[in-house]
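Below is one structure, written out as structure tokens, with a few remarks after it.
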Amino acid sequence: MCVTGVLSDSYVKVVWNETTPAGTYFIIANYRGAQKVIGEFKIPPGGHKGRIFVSVDAEGSFFVAGNSGAMDTDGTVGLFTRPNPTADLSYEAGTTTMLGGAGSRVSCVSGPRREGAARQ
């Protein structure tokens with residue numbers, strides 16, 4: 001079997017509800033003062049809640065940014081969207097719903113974990 005491209009074994013869990021807008025979301029982390037896209041996912045149309053483990057290009061943990069200004073702090077993470085194809089990415093207010101409350105820790109895990117699974 002031949003596999004091309006970058007393979008990642010780190011994931012971040014994202015959860016959304018029925019009112020979360022469909023579209024493409026970017027996970028951006030501030031690492032040593034620079035913001036970097038570490039993952040990307042799509043929420044399908046239809047108004048359903050869901051959960052996904054998004055493959056990310058990062059290790060360790062980050063703190064959820066409660067607003068766009070908080071993304072200037074090293075070690076923060078947030079969700080960003082693009083209002084139209086030519087626009088810049090902008091902080092998504094739903095970050096604190098989909099990743100966790102402002103200041104909560106988000107860890108990049110080495111594989112999707114089942115809810116309620118025993119920790120070793």
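Okay, here's what the table says:
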| item | result |
| --- | --- |
| Selection status of Gly66, under 14 Å from the mean Cα position of the chain (by Cα), touching a residue at least 24 places away in the same chain (Cβ under 8 Å) and assigned to a loop (DSSP other than H, G, I, E, B) | yes |
| Neighbours by Cβ (under 8 Å, 6+ apart or cross-chain): first from region 50-62, over 18 Å from Tyr25 (Cα atoms); second at pLDDT 90 or above and part of a strand (DSSP E or B) | Ser61/Arg105; Ser61/Val106 |
| Residues within region 51-70 that are surrounded by 14 or more Cβ atoms within 10 Å (Cβ to Cβ) and more than 26 Å from Asp9 (Cβ to Cβ), tallied | 3 |
| In region 71-93, residue farthest from Val12 (Cα to Cα) [restricted to those that are of a type in the set (A, V, I, L, M, F, W, C) and buried (at least 18 other Cβ atoms within 10 Å of the Cβ)] | Met71 |
| Breaking point among (1) among the polar types (S, T, N, Q); (2) modelled with pLDDT under 95; (3) under 19 Å from Ser10 (Cβ atoms); (4) surrounded by 14 or more Cβ atoms within 10 Å (Cβ to Cβ), for Thr97 | (3) |
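The values are calculated or read from the model by the stated rules, or taken from the named source; none is laboratory data. Being a predicted model, the structure only gives us computed values, none of them experimental. Cβ: placed from backbone, ideal geometry, glycine included. Neighbour counts: every protein chain shown.
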